[in-house]
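Peer 1: Once you've had a glance at the structure underneath, I'll fire off some questions.
The values are calculated or read from the model by the stated rules, or taken from the named source; none is laboratory data. Quantities reported herein were computed from a predicted structural model and do not represent experimental measurements. Backbone-built Cβ (ideal geometry, glycine too); neighbour counts: all protein chains shown.
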Amino acid sequence: MVFKNVKMPKYFVLGSTIAAGFGVACLTKEWLGGLNYQGSDTAVAEGKVVIITGANTGIGKETAWELAKRGAKVYMACRDMKRCETAREEIVLNTKNKYVYCRKCDLASLESVREFAENFKAREKKLDVLINNAGVMKTPKSKTKEGFEMQLGVNHMGHFLLTNLLLDRLKESAPSRIINVTSVAHKSGKLQKDDLNSDRNYDSYGAYAQSKLANVLFTKELARRLEGTGVTANCVHPGIVDTEITRHMSFYNSWLATIFVKPLAWPFVKSPKQGAQSTIFLAIDKTVEKVTGKYFSNYEESNVGENATNESDAKWLWATSEKWTRVSPK
């Protein structure tokens, strides 16, 4: 039987169009977000000791979840212990891995960083992977406990100190790895040598870009200093990811953006799980075991911005960071 000139109700046509559009958006998000890391060995993290900063939410939480699932002993280094414990419980229940721990580490306080490192070293004799993941972006003008501009202090200085305090454990555990989570924003960053702390002139995005540039320069100088030790240092751009790092972006969190901007941007923004994949790859994949001093994006080595290639800037930043954090030269 053939029906001719049958008109579908308008609401049915509208609903079908919306459903089809949503389906396309989902496929687009999955395609642009990239494939999940698989690896050749599902137990490749078995027995490894891993520290992840900022592990209670976003990319850090997803990284902790995946490495715990693969058998690692994971230390979640976080500022907010209540949220950390909630995340830890979820991870333990899901992965059946009881070796997941919450430890206080506020990167805006060098005292807290030192206490974390001291407590960790008193408990663990090895450290296979250090993932410097925590970060803040476009914060209002504010300072850390020691008086560092907040983004420089949290994104770089805190991690600089933490890494240096744990270098002995990393060297003793070689081959071991350090992964610094940076951003493509480093390409627009400039190292303000005459106003590194943004005391005279503060621009929230400029300070963020500078801190991400510092991540890359730190990685390159760290890799140079660690040559021959068996410890590698690489940095990674996770992509544009929907995490709490946007909490200080007032327009993006406004009702206007929620209605008009976020729905349009959604297919092109990675989920935290998608954003964590390159970090997981760098942490455990055997193909990058000896790769060091590189910048990665979507599992591949990528070119850094021009300002990140200046070796003298990297050395200057290292010397300045040693002085400001009062870490013993290595």
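Peer 1: So Thr139 passes all but one of these: (1) buried (at least 20 other Cβ atoms within 10 Å of the Cβ); (2) within 24 Å of Pro238 (Cα to Cα). Which condition number does it fail?
Peer 2: Among (1) buried (at least 20 other Cβ atoms within 10 Å of the Cβ); (2) within 24 Å of Pro238 (Cα to Cα), Thr139 violates only (1).
Peer 1: Please tell me if Ala134 is outside any helix (DSSP H, G or I), under 21 Å from the mean Cα position of the chain (by Cα) and under 22 Å from Ser278 (Cβ atoms).
Peer 2: yes
Peer 1: Only one of Leu213, Leu170 is within 17 Å of the chain's Cα centre (by Cα), part of a helix (DSSP H, G or I) and not small (Gly, Ala, Ser); which?
Peer 2: Of the residues listed, the single one that is within 17 Å of the chain's Cα centre (by Cα), part of a helix (DSSP H, G or I) and not small (Gly, Ala, Ser) is Leu213.
Peer 1: Can you confirm whether the range 95-116 contains a residue that is farther than 24 Å from Lys171 by Cα, loosely packed, with under 15 Cβ neighbours inside 10 Å and either charged (D, E, K, R) or without any contact (Cβ under 8 Å) to a residue 60 or more places away in the chain (or both)?
Peer 2: Scanning the range 95-116 turns up at least one residue that is farther than 24 Å from Lys171 by Cα, loosely packed, with under 15 Cβ neighbours inside 10 Å and either charged (D, E, K, R) or without any contact (Cβ under 8 Å) to a residue 60 or more places away in the chain (or both).
Peer 1: Continuing with the same structure: Assuming Val44 fulfils every condition listed in (1) modelled with pLDDT of 95 or more; (2) in contact with a helix residue (DSSP H, G or I) (Cβ under 8 Å, 6 or more places away or on another chain) apart from one, which condition is it?
Peer 2: The failed condition is (1).
Peer 1: Sticking with this one: Limited to the range 65-91, what total is found for residues that are in a helix (DSSP H, G or I) and touching a Phe, Trp or Tyr at 6+ places or on another chain (Cβ under 9 Å)?
Peer 2: 6
Residue by residue, here is whether (1) modelled with pLDDT under 95; (2) surrounded by 13 or more Cβ atoms within 10 Å (Cβ to Cβ); (3) over 25 Å from Leu217 (Cα atoms) holds:
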residue	(1), (2), (3)
Met249	yes, yes, yes
Thr258	yes, no, yes
Lys294	no, yes, no
Asn303	no, no, no
Glu311	no, no, no
Lys323	no, no, no
Arg326	no, no, no
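Peer 1: Only one of these conditions is not met by Glu172: (1) surrounded by fewer than 20 Cβ atoms within 10 Å (Cβ to Cβ); (2) touching a strand residue (DSSP E or B) at 6+ places or on another chain (Cβ under 6 Å). Which number is it?
Peer 2: (2)
Peer 1: Still on this structure: Against the condition of a type in the set (D, E, K, R), surrounded by fewer than 20 Cβ atoms within 10 Å (Cβ to Cβ) and in a loop (DSSP other than H, G, I, E, B), how does Lys145 come out, does it pass?
Peer 2: yes
Peer 1: Under 6 Å between Cβ atoms, which residue pairs at least 6 apart in sequence (or on different chains) link something in the range 282-311 that is without any contact (Cβ under 8 Å) to a residue 40 or more places away in the chain with a partner that is surrounded by fewer than 21 Cβ atoms within 10 Å (Cβ to Cβ)?
Peer 2: These pairs meet every condition: Glu301/Lys294.
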